[in-house]
1. Right, residue 115: within 16 Å of the ligand (Cβ to nearest atom) and either under 30 Å from residue 16 (Cβ atoms) or buried (at least 16 other Cβ atoms within 10 Å of the Cβ) (or both) or not?
2. In the stretch 90-110, how many residues are more than 9 Å from the ligand (Cβ to nearest atom), more than 16 Å from the chain's Cα centre (by Cα) and surrounded by 12 or more Cβ atoms within 10 Å (Cβ to Cβ)?
3. Can you spot a residue in the stretch 48-64 that is farther than 30 Å from residue 22 by Cβ, touching a strand residue (DSSP E or B) at 6+ places or on another chain (Cβ under 6 Å) and outside any strand (DSSP E or B)?
4. Let me spell it out: the conditions are (1) surrounded by fewer than 16 Cβ atoms within 10 Å (Cβ to Cβ); (2) in a loop (DSSP other than H, G, I, E, B); (3) modelled with pLDDT of 95 or more, and residue 8 meets all of them except one. Which number is the exception?
5. Please enumerate the residues belonging to the stretch 65-77 that are in contact (Cβ under 8 Å) with a residue 12 or more places away in the chain and either surrounded by fewer than 16 Cβ atoms within 10 Å (Cβ to Cβ) or over 30 Å from residue 25 (Cα atoms) (or both).
6. Applying the selection to the stretch 78-89, what residues are in a loop (DSSP other than H, G, I, E, B), surrounded by fewer than 16 Cβ atoms within 10 Å (Cβ to Cβ) and either more than 7 Å from the ligand (Cβ to nearest atom) or at pLDDT below 95 (or both)?
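The values are calculated or read from the model by the stated rules, or taken from the named source; none is laboratory data. Here the structure is a predicted model, which means the values were calculated and not measured. Because the Cβ atoms are built from the backbone with ideal geometry, glycine has one as well, and the counts that use them run over all protein chains shown.
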Ligand SMILES: [Zn+2]
């Protein structure tokens, strides 16, 4: 389960942020996990409290958002959000598309508790 190592990495980086900001702890984290990021949302949500235990992120609320899959069509040029299973242009149906959104794995915001 590589989600556990990703969660541990995120926890480590955010703990460093908390230390730099002299925060008591991290209260809430908003995270983007794209459908094509290769990361299982459920597995990540399971791994997070394990990775966070004993540090400034323990007990933090993890809010995961799955952004829409976005493709740019090389045939007709439009940008659409196809259903995730079928990676085709939603306007003309062409499979000649470039994935523009859906691979995200990033922290969007962090809420700190300061003394
Ligand atoms: Zn198209």
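1. no
2. Total meeting the criteria: 2.
3. The answer is no, given that none of the residues of the stretch 48-64 is farther than 30 Å from residue 22 by Cβ, touching a strand residue (DSSP E or B) at 6+ places or on another chain (Cβ under 6 Å) and outside any strand (DSSP E or B).
4. Looking at each condition in turn, residue 8 falls short on (2).
5. Passing the criteria: 65, 66, 68, 69, 70, 71, 72, 73, 74, 75, 76.
6. 81, 83, 84, 85, 86, 87
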